[in-house]
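Encoded as structure tokens, the structure appears first; notes follow it.
The values are calculated or read from the model by the stated rules, or taken from the named source; none is laboratory data. Note that the structure is a prediction, hence the values are computed from the model and not measured. No Cβ is skipped: glycine too gets one built from the backbone with ideal geometry, and neighbour counts run over all protein chains shown. For the accessible areas, the whole protein counts, side chains as well, though only heavy atoms, and no ligand, DNA or RNA atoms are used. Shrake-Rupley method; radii C 1.70, N 1.55, O 1.52, S 1.80 Å.
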Amino acid sequence: MLQSIEGIMTKAELLSVVENKISSLNETFTLASIDIDNFNTVNSYYGEYIGDQVLKKMASILKQNLKSDDLVCRSNKDEFSVIFSNTLSETGFIMIEEIRKYLEANTFALGDKEKKKEINIRISVGIANHPRNAKNSVDLFRAADSALFRAKKEGKNRVYMAESESMVLKSSYYTKTQLERLAELSQKTDKTEAFLLREALDDIFEKYSK
């Protein structure tokens with residue numbers, strides 16, 4: 001399976017850019033988390049070669065339809081992220097919705113020259129803005145991923161903007177040793193215990209959604 005795409009940032013590079021933008025304190029920007037719908041099905045049915053071409057085509061379409069200062073990252077196997085620089089959520093939504101509609105209206109001839117296949121590419125997208133939806137990078141990615149989750153849950157092939165999520169109190173029991181280790185980790189990392197628990201929960205979602 002394709003490991004990298006020329007001209008596309010890595011997840012680590014994207015995180016560095018986001019951190020720098022946030023620390024500069026002088027820019028509003030929008031993050032789009034993009035998932036290629038049913039990519040595993042395409043990959044299994046047509047093979048990894050066409051799967052790789054789908055990824056390259058997706059990257060090309062994103063790059064061709066964004067501003068010169070916008071950034072594209074391949075954040076996972078079938079996921080991309082886009083940073084819309086100096087852009088509000090509404091503008092980012094309009095731009096990515098135009099791309100979604102373009103994909104929906106077209107098929108793409110991919111594969112060997114003698115054996116081209118007409119492939120549909122559909123995407124689900126979550127949109128979040130700094131500082132509207134989050135003040136730090138962790139919460140920004142969480143907000144975009146939550147919006148993406150809603151888009152997929154509601155039937156895929158759609159774009160959702162992040163919304164304020166209500167906090168729900170959920171009591172759990174922990175061993176004394178677990179709580180002591182959590183307190184030590186909190187002091188070591190300068191993160192609150194509640195933040196660490198939410199971070200761990202996000203890791204669980206990522207682990208079991210693959």
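Tabulated values for the structure
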item: Residue in the stretch 77-95 that is within 18 Å of Ile123 (Cα to Cα) and at pLDDT below 90 present; result: yes
item: Condition met for Ala151 (farther than 20 Å from Leu55 by Cβ, open to solvent by less than 60 Å² (accessible area, probe 1.4 Å) and either in contact (Cβ under 8 Å) with a residue 60 or more places away in the chain or not in a strand (DSSP E or B) (or both)); result: no
item: Subset of the stretch 162-178 that is at pLDDT 90 or above and surrounded by 10 or more Cβ atoms within 10 Å (Cβ to Cβ) - its residue that is nearest to the chain's Cα centre (by Cα); result: Ala162
item: Test for Leu71: is it within 18 Å of Lys11 (Cβ to Cβ), at pLDDT 90 or above and touching a helix residue (DSSP H, G or I) at 6+ places or on another chain (Cβ under 8 Å); result: yes
item: Residue satisfying condition, being within 16 Å of Lys101 (Cα to Cα), touching a residue at least 24 places away in the same chain (Cβ under 8 Å), among the basic types (Lys, Arg) and open to solvent by 50 Å² or more (accessible area, probe 1.4 Å), within set Arg132, Arg122; result: Arg122
item: Residue in the stretch 88-103 that is in contact (Cβ under 8 Å) with a residue 24 or more places away in the chain and more than 20 Å from Val159 (Cα to Cα) present; result: no
item: Near pairs, Cβ below 6 angstrom, 6+ apart or cross-chain, from the stretch 6-27 (under 17 Å from Ser75 (Cβ atoms)) to any residue that is in a helix (DSSP H, G or I); result: Ile8/Ala59; Val18/Ser137; Glu19/Ser137
item: Subset of the stretch 107-117 that is open to solvent by 20 Å² or more (accessible area, probe 1.4 Å) and of a type outside the set (A, V, I, L, M, F, W, C) - its residue that is farthest from the chain's Cα centre (by Cα); result: Glu114
item: Count of the stretch 113-132 residues which are in a loop (DSSP other than H, G, I, E, B) and touching a helix residue (DSSP H, G or I) at 6+ places or on another chain (Cβ under 9 Å); result: 5
